[in-house]
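Coordinate-derived values only; no laboratory data. Computed from a predicted model, the values in this text were never measured in an experiment. Here the Cβ positions follow ideal geometry from the backbone for every residue, glycine too, while neighbour counts run over all protein chains shown.
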Amino acid sequence: MSPSIAELTRMTLLIIGALFPIVNSPENIPIFLTLTSGLRSEDRSVLARKIAINGFILLIVSVLIGTHVLAFFGISLPVVQVGGGMVVVAAGWKLLSRSDDDPSPSPLKVANSSYLSQRAFYPLTLPLTVGPGSISVAIAVGANRPAVSAAVWSLPVAALLGCAAMGLMIFLTYHFAEPIGRFLGETAMSIFIRLSSFILLCIGVQIVWNGLSKLLSSIS
């Protein structure tokens, strides 16, 4: 195997290995079903595709030019973690404090394309699927440039392959979310939703703490 191919393989596996545990979280499934309640299965499939595309774009931009964007605006990565973590905390708390008293299921509605596009980006892509944790990891991976001896194209191609793989996993996760929900049943899903919301809240607190720790250590 040539050095260029070996470097490409290493970078691709690094991107997938770093992002997979954060992006492809199982607790996103019940939250996705909760936030899309009242929509038809066809509209949920459209949302799954749009979320996958949005996630792919956010991840590849973060890997390739994330550090340059932050430098242009004079924003440090810890600040992104603090601000983004607070958004995740707010989303987790809103879901956690959601009332279970739903007197009757709402009839399925047909959503137009603009509604689905808006809903797909916020909050389903950002911060639920590709949140500040994923973005900060992607930026950190992109900052880990290949060795000088490696081919210049290795990082862009690895980012394309790795982020495309993550986009495919996102699509499959949300595309089959409804059958998984039916398999688990209403009681199990209700418990899973509460646990997932609490985990999401804790993830947000952890992201905020990571950013604060780095900021505080920089002034000590």
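Here are the numbers for the structure shown:
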quantity: Spacing of the two label points (7 Å from each Cα toward its C-beta) at residue 76 and residue 118, in nm; calculated: 3.7 nm
quantity: Local electrostatic count, residue 125, Cβ distance below 13 Å [Lys/Arg +1, Asp/Glu -1]; calculated: +3
quantity: Gaussian network model of the chain, springs between alpha carbon atoms under 10 Å - residue of 206, 81, 118 with greatest fluctuation; calculated: 118
quantity: Compactness index (Cα Rg / 2.2 N^0.38 Å), segment 166-220; calculated: 1.71
quantity: The chain: relative contact order as a whole-number percent, Cα under 8 Å and 6+ apart; calculated: 48 percent
quantity: For a label point 7 Å along the Cα-to-beta-carbon line of residue 40, residues of segment 111-127 with backbone N under 17 Å; calculated: 111-117
quantity: Contour minus Cα-Cα distance for residue 187 and residue 57 (0.36 nm per residue); calculated: 43.2 nm
quantity: Rounded to whole Å, sorted largest first: equivalent-ellipsoid semi-axes of segment 8-108, Cα gyration tensor; calculated: 32, 19, 13
quantity: Order of 68, 175 under a 10 Å beta carbon neighbour criterion, fewest first; calculated: 68, 175
quantity: Calculated FRET value between residue 198 and residue 6, using beta carbons and R₀ = 35 Å, to 0.05; calculated: 0.25
